[in-house]
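Undergrad: This is the structure I want to talk about, given as structure tokens.
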Amino acid sequence: MKVEPIKFSQYPFIVPTEKRTVNKLEKLIEEIKECGSINTASTAIKHWNKFMDELDTQFSIIYVRYTLDSTNLRNKKAMQVMDELSPIVNKYRVAYNKILSKARYRKDLEAKYGKYLLKQIDLSLKAFDEKIINESIEENKLCTRYSEILGTAKIPFRGEILNLPQIGKYMQDIDRGTRKEAAIALDKWLGEHDEELGDIYSQLVNLRNEMAKKLGYKNYVELGYYNMGRTDYTAKEVKKYREQLHEYVVPVCQKLYKQQMKNIGVKNPEFYDYSVSFKSGNPVPAGDEKYLVGVANKMYHTLGKESGEFFDFMVKYELLDLSARPGKTPGGYCTSFALYKSPFIFSNFNGTAGDVDVLTHEGGHAFQAYLCADFKVPEYRSAGMEACEIHSMSMEFFAYPFAKDFFGKDASKYLYHHLSGALEFLPYGACVDEFQHYVYENPKASHADRCAKWKELEEKYTPHKKYDDCPTLNRGTWWLRQSHIFERPFYYIDYTLAQVVAFQFFLEDQKNHEKAWKHYLKYTKMGGKYPFTELLEKAHLRNPFEDGNVEKAVKGVSKYLKQFEIKE
């Protein structure tokens, strides 16, 4: 039965019970066990997918409601249920996948659903087993606790109590004294929570190491890659890729940083100075949330019929929650509700250029989810993390012609700020990734050891950053604020891979917009039907892992940046 779209405020808040969920899953497992051919299996697979869509939708609603208000008791209790139930559900996913993986009609499954689905199934069996259920439950609880600490941050500042996104705005203030004061306030808060956050991470590392050992792996690195669904590259390829970023991108970025400090007139810069690109201040959006959503509406309708229909859908069905407020967890994300075929965008607008980036970046994710919502194979509705980020980062670049609407007089400032920032992000992404490899290759390292390693890697990838005014950050604790390190091990390098590919769409768009948009639509509509490198090949995009492709992308972007005359 088709479920008609309804407004988000009308979504039923259903907390699944373990008893009903397990009973249903056991029946579905028995059904697929009894199948002896592709014909009967097809029906059983439909039944399985239908229930999993219902369950995944319930889980997504719980997660979104929790992140919208992490102080709400109902939301917290529902998250606790989800944290405990999701590993149990994974146990049945494993049982289901084992049946399909070993089915005598496997070749018929590959013919009907594609070989990549079976590859994903085989990989999932390497990533989870019921013997690690208890550790998985505890892992979820620790991640929720971490998110709760960040989401309920209370930072005293000039007579107010601010959360992390709100203090972040003051760290971009045009006045250096304000930036410093905000940075010190953040540093003090981090110092008060350093031990607790470090302990949570130590527990996570130990749990993940135990899980890896139980599944027969040397350490968590291999298991982490399996959890990320990587079927076509390993840590070896990623290491070589990081070397490309260090060789070709770090020197370019250091030149950009020196020019930036010259522009704003700071001779002995601290880390908070690099958050300001211009003497007159960073580009500021030309209006409030309502205004920016209106500009985004114009942008998506101008880009094409499909993107216009998508944004109308998002607004009509209340699928945008953008304002920062107390109790709301930090950051931004896009998720989806399979049952309603609806994406959802979450953010914390704070009056900075990042507000526009959300409408384009998370909008790119949501657009892809919208285009692929009708895929019959759920696993193909979304690509791997690195491939997904291409959708979002490229959409940021397709928004460039609308910078005048989003930023008014600050349009050219935004273009330079955004593009140079995209380039400067790459070394930081590599820093996060190399740090995580160190952590999981040395699971017995202490919190102090990890902080020392982070500081060492910052010297390698971002040597311009100094924390002289902030004793906690000066010990190498910046990574404690990076939620991916806690919640999604090995995810962060995906952003950099996607950025290098997105630069290709940007450079193509400068030459021929219509061709670039069609190219982007073709890539986006493939969803997750193929692994990362195969998607690139089919979409005629250069592979970042191959020597020379990082250098080629960086040269093109650097050349474009030279056209800007920064005088303010």
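Undergrad: What's the number of the condition ASP469 fails, among (1) in contact with an Asp or Glu (Cβ under 6 Å, 6 or more places away or on another chain); (2) at pLDDT 95 or above; (3) open to solvent by 40 Å² or more (accessible area, probe 1.4 Å)?
TA: ASP469 satisfies every listed condition except (2).
Undergrad: Residues that are among the polar types (S, T, N, Q) and closer than 30 Å to ILE485 by Cβ: list the helices (runs of 4 or more DSSP H) wholly contained in region 92-151 that include at least 3 such residues.
TA: Answer list for region 92-151: 133-151.
Undergrad: Which condition from (1) modelled with pLDDT under 95; (2) surrounded by fewer than 16 Cβ atoms within 10 Å (Cβ to Cβ); (3) not in a helix (DSSP H, G or I) is the one that GLU546 breaks?
TA: Just one mismatch for GLU546, condition (1).
Undergrad: Still on this model: Looking at PRO16, PRO12 in this structure, which one is in a loop (DSSP other than H, G, I, E, B) and surrounded by 15 or more Cβ atoms within 10 Å (Cβ to Cβ)?
TA: PRO16
Undergrad: Here is a further query. Criterion first (more than 18 Å from the chain's Cα centre (by Cα) and not small (Gly, Ala, Ser)) does CYS334 satisfy it?
TA: It is false that CYS334 is more than 18 Å from the chain's Cα centre (by Cα) and not small (Gly, Ala, Ser).
Undergrad: Continuing with this model, one more query. Take the residues of region 201-234 that are without any contact (Cβ under 8 Å) to a residue 40 or more places away in the chain and part of a loop (DSSP other than H, G, I, E, B): which is farthest from LEU117 (Cα to Cα)?
TA: So the residue we want is LYS218.
Undergrad: Condition first: in a helix (DSSP H, G or I) and free of Cβ contacts under 8 Å to residues at least 12 places away in the same chain. Can you find one or more residues in region 259-278 that meet it?
TA: Among the residues of region 259-278, at least one is in a helix (DSSP H, G or I) and free of Cβ contacts under 8 Å to residues at least 12 places away in the same chain, which makes the answer yes.
Undergrad: Answer yes or no: is there a residue in region 505-514 that is surrounded by fewer than 17 Cβ atoms within 10 Å (Cβ to Cβ) and either among the hydroxyl-bearing types (Ser, Thr, Tyr) or under 22 Å from the mean Cα position of the chain (by Cα) (or both).
TA: No, region 505-514 contains no residue that is surrounded by fewer than 17 Cβ atoms within 10 Å (Cβ to Cβ) and either among the hydroxyl-bearing types (Ser, Thr, Tyr) or under 22 Å from the mean Cα position of the chain (by Cα) (or both).
Undergrad: Only one residue in ILE149, ILE161 is in contact with a Lys or Arg (Cβ under 7 Å, 6 or more places away or on another chain) and within 25 Å of TYR333 (Cα to Cα), so which one is that?
TA: Just a single option satisfies the conditions, and that option is ILE161.
Undergrad: May I pose another question? Could you check region 442-485 and list, in sequence order, the residues that are more than 24 Å from LEU142 (Cβ to Cβ), among the hydroxyl-bearing types (Ser, Thr, Tyr) and within 23 Å of the chain's Cα centre (by Cα)?
TA: Answer for region 442-485, where residues must be more than 24 Å from LEU142 (Cβ to Cβ), among the hydroxyl-bearing types (Ser, Thr, Tyr) and within 23 Å of the chain's Cα centre (by Cα): TYR461, THR462.
Undergrad: Let me ask you something else. Residues in region 301-346 that are small (Gly, Ala, Ser) and at pLDDT 95 or above: how many?
TA: So the answer is 6.
Undergrad: Let me ask another. With respect to the numbered conditions (1) under 24 Å from the mean Cα position of the chain (by Cα); (2) at pLDDT below 95, which one is the sole condition not fulfilled by LEU536?
TA: So the condition that LEU536 fails would be (2).
Undergrad: Only one of (1) in contact with an Asp or Glu (Cβ under 9 Å, 6 or more places away or on another chain); (2) surrounded by fewer than 16 Cβ atoms within 10 Å (Cβ to Cβ) fails for ASP288. Which number is that?
TA: Looking at each condition in turn, ASP288 falls short on (1).
Undergrad: Identify all residues within region 35-76 that are more than 13 Å from GLY327 (Cβ to Cβ) and aromatic (Phe, Trp, Tyr); write none if there are none.
TA: Residues satisfying the conditions are TRP48, PHE51, PHE59, TYR63.
Undergrad: Show me the strands (runs of 3 or more DSSP E) found entirely inside region 318-422 where at least 3 residues are open to solvent by 20 Å² or more (accessible area, probe 1.4 Å).
TA: 320-323, 333-337
Undergrad: Hey, does region 498-507 have a residue that's at pLDDT 95 or above and part of a loop (DSSP other than H, G, I, E, B)?
TA: Within region 498-507, not a single residue is at pLDDT 95 or above and part of a loop (DSSP other than H, G, I, E, B).
Undergrad: Among residues belonging to region 19-68 that are modelled with pLDDT of 95 or more and outside any helix (DSSP H, G or I), point out the one that is most open to solvent (accessible area, probe 1.4 Å).
TA: GLU34
Undergrad: Can you tell me which residues in region 365-405 are of a type in the set (A, V, I, L, M, F, W, C) and over 20 Å from the mean Cα position of the chain (by Cα)?
TA: Across region 365-405, the qualifying residues are PHE375, VAL377, PHE402, ALA403.
Undergrad: Here's a follow-up. Would you mind stating whether ALA212 is within 28 Å of ASN474 (Cα to Cα), buried (at least 19 other Cβ atoms within 10 Å of the Cβ) and of a type outside the set (Asp, Glu)?
TA: no
Undergrad: Could we say that LYS77 is at pLDDT 95 or above, within 30 Å of THR329 (Cα to Cα) and open to solvent by 60 Å² or more (accessible area, probe 1.4 Å) here?
TA: It is true that LYS77 is at pLDDT 95 or above, within 30 Å of THR329 (Cα to Cα) and open to solvent by 60 Å² or more (accessible area, probe 1.4 Å).
The values are calculated or read from the model by the stated rules, or taken from the named source; none is laboratory data. Not measured: the values here are computed from a predicted model. Neighbour counts are summed over all protein chains in view; Cβ atoms, including those assigned to glycine, are modelled from backbone coordinates with ideal geometry. Remember, those area values only see protein heavy atoms, side chains included, never the ligands or the DNA or RNA. Shrake-Rupley method; radii C 1.70, N 1.55, O 1.52, S 1.80 Å.
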